[in-house]
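Participant: Encoded as structure tokens, here's the structure I'll be asking about.
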Amino acid sequence: MSTLILTHEACLNHVTPEGHPERVARLEHVLHALRQEGIGFETAPMGAREDVLLCHPESYVERLETALPDEGFFQLDGDTWMSPGSLGAAWRGVGAVREAVDRVIAGDAGNAFCATRPPGHHAEQETPMGFCLFGNVAIGAKHALERHGLSRVAVVDFDVHHGNGTQALLWDEPRALFCTSQQMPLWPGSGHPSETGAHDNILNVPLDPGSPGVEMRTAYEAQIFPRLHAFKPEMLFISAGFDAHRADPLAQLKWVEDDFAWLTQELCAIASEHCGGRVVSVMEGGYDLGALAASVVVHVKALQEAAA
């Protein structure tokens, strides 16, 4: 089987103010790098309202629709903005993860990567934040549980910033295990090991500022991989943020491309053992354009090798 790559040109229509780190060029660089490697992609469908309602209330969706500007920008919080194309982009992100889940479970693809923006792992039930509008990966997890009847899914988030939104959206979900590594201290300030979920279903692994990839590998081998093996997920989701790279301007971890490749390979091996290799990866952060593009390429190549 193959790796399904999903994206949509609408994700380029989410425009942020000049100088904002979550900018259109992020996805442009990623798609260009994939094309340069001969990696093709398919068009993501539009997400449906009922998909978003798996994790967010109707009142929240209506709030975003009301806030959507006809021109210019609308500021939702200190660093989260909307432009006229923002909701169209966000709906495609939701549609991408839903399509990825459907296709991987159907056996049409071995695994999948959703190259979309805005990212999603900071969006809480009724709070957009951290550049995020909808909790894409949590929506995908709930879709697999509620609509495909899976009994256990796991989400691994290796973005440098804690996935507070995914944690909040899955806090009360005993069928979902959320494992996350993040630099600490760092915005948003959550992600302490004491945050374990309503059903001991959340594992937070803080990493020290300035730490290199070797410390990440040790932490994953000691804590996250054993939890995944014990949980035996039927599907594995990845919140794939690439801002732990040493070149990233928003944090201070020192990972390199080989670290992202290694981690992807190890997660795919765990998925191969427990869930037939079923992995759905969703792009989150990464704000140095060159480092982001190079890291996505090695991540996708590792997914392709696992699916072959």
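The values are calculated or read from the model by the stated rules, or taken from the named source; none is laboratory data. Small disclaimer: the values here were computed from a predicted structure and weren't measured. Don't worry about glycine lacking a Cβ; one is built from the backbone with ideal geometry, like all the others, and counts go over all protein chains shown.
Okay, residues lined up against (1) assigned to a loop (DSSP other than H, G, I, E, B); (2) more than 27 Å from LYS232 (Cβ to Cβ):
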{"residue": "ARG147", "(1), (2)": "no, no"}
{"residue": "SER151", "(1), (2)": "yes, no"}
{"residue": "VAL155", "(1), (2)": "no, no"}
{"residue": "ASP159", "(1), (2)": "yes, no"}
{"residue": "GLY165", "(1), (2)": "no, no"}
{"residue": "GLY189", "(1), (2)": "yes, yes"}
{"residue": "THR196", "(1), (2)": "yes, no"}
{"residue": "GLY210", "(1), (2)": "yes, yes"}
{"residue": "TYR220", "(1), (2)": "no, no"}
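Participant: Among PHE113, PHE158, which is under 11 Å from the mean Cα position of the chain (by Cα) and more than 13 Å from GLY95 (Cα to Cα)?
Facilitator: The match here is PHE158.
Participant: Okay, moving on. Please indicate, with yes or no, whether at least one residue in region 135-149 is closer than 16 Å to MET46 by Cβ and touching a His at 6+ places or on another chain (Cβ under 9 Å).
Facilitator: Checking region 135-149: at least one residue is closer than 16 Å to MET46 by Cβ and touching a His at 6+ places or on another chain (Cβ under 9 Å).
Participant: For a quick check of your reading of the model, give me the residue pairs whose first member lies in region 107-125 and is under 30 Å from TRP81 (Cβ atoms), whose second is modelled with pLDDT under 95 and in a loop (DSSP other than H, G, I, E, B), with beta-carbon atoms closer than 8 Å and at least 6 apart or on different chains.
Facilitator: From residues that are under 30 Å from TRP81 (Cβ atoms), there are no pairs.
Participant: Here are LEU64, LEU27: which of them is touching a Lys or Arg at 6+ places or on another chain (Cβ under 7 Å) and either within 13 Å of ILE139 (Cβ to Cβ) or surrounded by 19 or more Cβ atoms within 10 Å (Cβ to Cβ) (or both)?
Facilitator: Going through LEU64, LEU27 in turn, just one is touching a Lys or Arg at 6+ places or on another chain (Cβ under 7 Å) and either within 13 Å of ILE139 (Cβ to Cβ) or surrounded by 19 or more Cβ atoms within 10 Å (Cβ to Cβ) (or both): LEU27.
Participant: Here are ALA90, ALA100, ALA96, ALA25: which of them is more than 19 Å from VAL280 (Cβ to Cβ), in a helix (DSSP H, G or I) and not basic (Lys, Arg)?
Facilitator: ALA25
This table checks each residue for (1) within 21 Å of the chain's Cα centre (by Cα); (2) touching a residue at least 24 places away in the same chain (Cβ under 8 Å).
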residue: ARG23; (1), (2): yes, no
residue: GLU28; (1), (2): yes, no
residue: ALA33; (1), (2): yes, yes
residue: GLY40; (1), (2): yes, yes
residue: LEU54; (1), (2): yes, yes
residue: LEU64; (1), (2): yes, yes
residue: ASP79; (1), (2): yes, yes
residue: PRO84; (1), (2): no, yes
residue: ARG98; (1), (2): yes, yes
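Participant: Scanning region 184-225 for residues that are among the acidic types (Asp, Glu) and over 23 Å from LEU250 (Cα atoms), which turns out surrounded by the most Cβ atoms within 10 Å (Cβ to Cβ)? Talk me through it step by step, then tell me what you get.
Facilitator: At the first step, the residues of region 184-225 found to be among the acidic types (Asp, Glu) are 195, 200, 208, 215, 221.
With over 23 Å from LEU250 (Cα atoms) added as a condition, the list becomes 195, 200, 221.
On the way: GLU195: 16, ASP200: 10, GLU221: 11.
The residue in question is GLU195.
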